[in-house]
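Peer 1: Can you keep this structure in mind? I'll have questions shortly.
The values are calculated or read from the model by the stated rules, or taken from the named source; none is laboratory data. This structure is a prediction, so every number in the text was calculated from the model and none was measured. Reconstructed Cβ throughout: ideal geometry from the backbone, glycine too, with neighbour counts over all protein chains shown.
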Amino acid sequence: MAKKSNNNTVKLLVMCAEIVLALVAVILLIATPAVTYTMSSGLLGSKTTYTVAGAAAIFGSKDPEYALTWAGLLSFIFVACALVILLVLCCLTLAKKKFALAGICKFVAAGLLIVAGVFVFFEVAAFKAANGDASFSWGSIANATYALGAGWLISGILSIVAGGLSCAEAFLKK
């Protein structure tokens, strides 16, 4: 009997770790810059660096004008949905309520987290596609380099790790 109680404690701790990782991933998606791009002009020899806020990449913005990106929006939606599923499952576990589809919900949350983590790494390409590559608007005198923001990089990794933990928890002995 003590082994089953100990195993339930481990499952609950793993579930709490998943929730914390997913919550941090959502916060990083909104609060940190999504894309930084540097415009360098061959004619004038100047470099200008721009950063695109995470909320602007997810939802779009009016000032400066940025279109929303499919990768940012889907990443945010998937991580938020997985977080809600994990919170509901954690509450049901704490209330000691049995839920017949808990295993399926766990795998859905894991899939959402892993796919969201992968979509984060498509953000630079999605940003260039949605907003146009700025180097083309200046013709041949300008060149732009793009990079994924550090917070978004960490968010993608955390999402994938949380999804992996969700899969691993399902295989813990009952």
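Peer 1: Which of the residues belonging to region 38-75 are modelled with pLDDT of 80 or more and of a type in the set (S, T, N, Q)?
Peer 2: Listed by number, the residues that qualify are Thr38, Thr48, Thr49, Thr51, Ser61, Thr69, Ser75.
Peer 1: Do you know which of the residues in region 9-37 that are over 16 Å from Phe59 (Cβ atoms) and part of a strand (DSSP E or B) is modelled with the lowest pLDDT?
Peer 2: So the residue we want is Tyr37.
Peer 1: Anything in region 121-146 that is among the acidic types (Asp, Glu) and either at pLDDT below 65 or assigned to a helix (DSSP H, G or I) (or both)? List them, or say none.
Peer 2: Scanning region 121-146 gives a single hit, Glu123.
Peer 1: Take region 156-172 and flag every residue that is closer than 17 Å to Cys81 by Cβ and either touching a strand residue (DSSP E or B) at 6+ places or on another chain (Cβ under 9 Å) or outside any helix (DSSP H, G or I) (or both).
Peer 2: Passing the criteria: only Gly156.
Peer 1: Next question, about the same structure. Is there a residue in region 59-69 that is without any contact (Cβ under 8 Å) to a residue 60 or more places away in the chain, within 25 Å of Ala17 (Cα to Cα) and in a helix (DSSP H, G or I)?
Peer 2: No, the conditions are met nowhere in region 59-69.
Peer 1: Another question about this same structure. Quick test of your reading of the structure: Thr93 fulfils all but one of (1) part of a helix (DSSP H, G or I); (2) without any contact (Cβ under 8 Å) to a residue 24 or more places away in the chain; (3) of a type in the set (S, T, N, Q). Name the failing condition by number.
Peer 2: Every listed condition holds for Thr93 apart from (2).
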